Amino acid sequence: MILSLPSFLTLLKGLNMFTVTLVGLDDSEVDLADFSSADLARHIHTRAHKASGSNVSKVTHKENNIVVFGDHELTSAILRARVPVRILHISHHCSTDMDFGARIDQQFYVLCSEESALQEQFEVNGLHKRNVAAVFSSSTDQWVFLAKGFWRRRQNLEGLKMVALLDEYPPFQTVRSVDFEPPDLTYERVVSAEGPYVDALRILQERLNFTTELKRRKDGVWGTLSRYISFGHCM
């Protein structure tokens, strides 16, 4: 597929990227001679501007949507910074082993201009996932998304094992039995628990494909939110 301005605009709209920062446009191998900030702003009614360089804070300072043309290192740096942005990486050639290290909760997409499919790439439970999120229809000049909704496409945690801490909180959750082996000064393993909160956890486990090890603090302290946005004690 030859990436054109109309097809690019329909893709941005499909990704809800109505305000974009364009990065690396001048140095890209992609043939986008008719692309300019004015063209984008005129068609999608947003402010769009070019940015350059590898300064992540500069690129992500004002915009929530970033389109990176060919700059693999910058894309990886933005993903590592964990900033809450949508990222569309566009490249002329995409190798099958190209890995950016995106997490499952990061809205990251890869488009090879020589192909007609939009990929989602992310890691979950040590697995590198590559899903086709959308395909381009040349007959309608539109992108067709295979599954609507970001979280609908990311609802398989691939057997991820988590730890959940709980304590007595009737009638919502009640601990029935615990295991004191192996000995631990801080936690005891919950063997059996019940209540609507526990039922909700089991439903989530089944639907999202993860497992949970339940634990309880021996001192029964719930903890409080710290100034660094982390919980102590039971939380």
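The values are calculated or read from the model by the stated rules, or taken from the named source; none is laboratory data. For clarity, every value in this text was computed on a predicted model and none was experimentally measured. Here the Cβ positions follow ideal geometry from the backbone for every residue, glycine too, while neighbour counts run over all protein chains shown.
Quick notes on this one:
- I78 meets each of the listed conditions (1) part of a strand (DSSP E or B); (2) surrounded by 14 or more Cβ atoms within 10 Å (Cβ to Cβ); (3) at pLDDT 80 or above apart from (1).
- Residue among Q107, Q155 that alone is outside the structural domain of T19 (by TED's automatic domain parsing) and modelled with pLDDT of 85 or more: Q155
- Count - residues of the stretch 129-167 that are closer than 25 Å to K13 by Cβ, over 13 Å from the mean Cα position of the chain (by Cα) and not in a strand (DSSP E or B): 7
- Hits in the stretch 196-218 (condition: assigned to a loop (DSSP other than H, G, I, E, B) and farther than 12 Å from L166 by Cα): N209
- Look at the stretch 157-176: where a residue is under 30 Å from V124 (Cβ atoms) and a partner is hydroxyl-bearing (S, T, Y) and at pLDDT 90 or above, sitting 6+ places away or on another chain with Cβ atoms under 6 Å, you get K161/T211; M162/T212; A164/T212; F172/Y197; Q173/Y197.
- Some residue of the stretch 117-125 being part of a loop (DSSP other than H, G, I, E, B), of a type outside the set (S, T, N, Q), in contact with an Asp or Glu (Cβ under 8 Å, 6 or more places away or on another chain) and not assigned by TED's automatic domain parsing to the domain that holds E188: no
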